[in-house]
Structures are given as structure tokens and as C-alpha cells.
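Have a look at the structure below before the remarks.
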Amino acid sequence: MKSLRIACTLTLVLCTYTGLSLAEEVTPGRQLAEDIFGSIEDNPNGMVDIGEFVNFGRLIFESMDHDESGFIDFPEFTEWDFGFNFIAEDSGQKQAYEAAQKILFAVWDRDGDGKLRRQEYHKAMVWDFTRADANDDAFLTRDEFLHGYLVNVAYRAAITGL
Ligand SMILES: [Ca+2]
Ligand SMILES: [Ca+2]
Ligand SMILES: [Ca+2]
């Protein structure tokens, strides 16, 4: 997991610098979300289907479940990070980011036992996909992912302080 985090951080730093000169509206948070979208696609056609999305979720679940207990507890949840954490710290929004993490965890932990079980996580991925698929065509475009996927929306709102 460390390697992904480092890769993300590096990408982020590079993008932050190139981003400044190219287009001011590409914030680090948005760039990160775009990189994540790129990593979900198995066949890069600009669209993500539910299969790709759920596979992506499964991989994340496995890497989040650090002690291989079959569920994710809150410390494991906060420990794992795409790179949003780094941006949040950088922009002085760490508290807002942590609050967003708590809310996401609570939303996904449907039975409220403090553990995200595989089924809960799977349901959350399916629900998040459906919610993000604004035009109901069973595919997520980059735009739908950036603007409709709960994780992006919640974390980016926290980071930018909206
Ligand atoms: Ca665990
Ligand atoms: Ca639970
Ligand atoms: Ca769609």
C-alpha cells in the first residue's frame, strides 16, 4: 500500500506544479480524483461499468483490511488513503477531512457496529455507483465520477472547505 501512496503523492506533487502553469482550475483534489478514475478503468474507454467499479472496490477493501480480519475498522479506514490526506494537510483542512472520513464510514457501516464488512462495503460501492450514474446508462463517465461519486464529493468538499 505504501507504494501506491508514494506514487499518488509523487503524481500529486508533479501535477500541482504543472497544474499551476497550465490551468488554475485543476486543483490537486480534482487531479487526484481524475487519476483515481484512470486507475479504475480496465479498458480505458472513458467509461467505468459496475464490474470495473466493484473490482476496484474489492482491491481497495483487501488493501484496507490490513490485519486480514475480513472487515475494516475505523483505524484501518483512516490509515488507508488515496492521497487526499496529504492534500488536506497541505491546505490546512485536516480536521474537515477527518470529519468527512467519519461520516463516510458511518454511512457505509449500515449496522453501526464499527466494522465495515465485505457485504457492507460491496453494497456501498453499488449504491455509490448508482448514485453517481446521473443519466442511468450503467456507465460512469469521468464527469459523473468526479461530480457524483460520494468519496470524491465528500473529500474534495472537505479539502476545499466548501
Ligand atoms: Ca481488519
Ligand atoms: Ca458494520
Ligand atoms: Ca452514466
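All of the numbers you see were taken from the coordinates with simple rules; none came from a lab. What you see is a predicted model; the values in this text were computed from it and never measured. Here Cβ is always computed from backbone atoms with ideal geometry, including for glycine, and neighbour counts include all displayed protein chains.
Quick notes on this structure:
- Whole-number D in µm² s⁻¹ for the range 111-162, Kirkwood Cα-pair radius fed into Stokes-Einstein, 20 °C, 1.002 mPa s: 176
- Cut-off 12 Å between beta-carbons: net charge of the residues surrounding Phe74, Lys and Arg +1, Asp and Glu -1: -4
- Shape category assigned to the range 35-83 from the gyration tensor of Cα positions, a/c cut at 1.5: prolate
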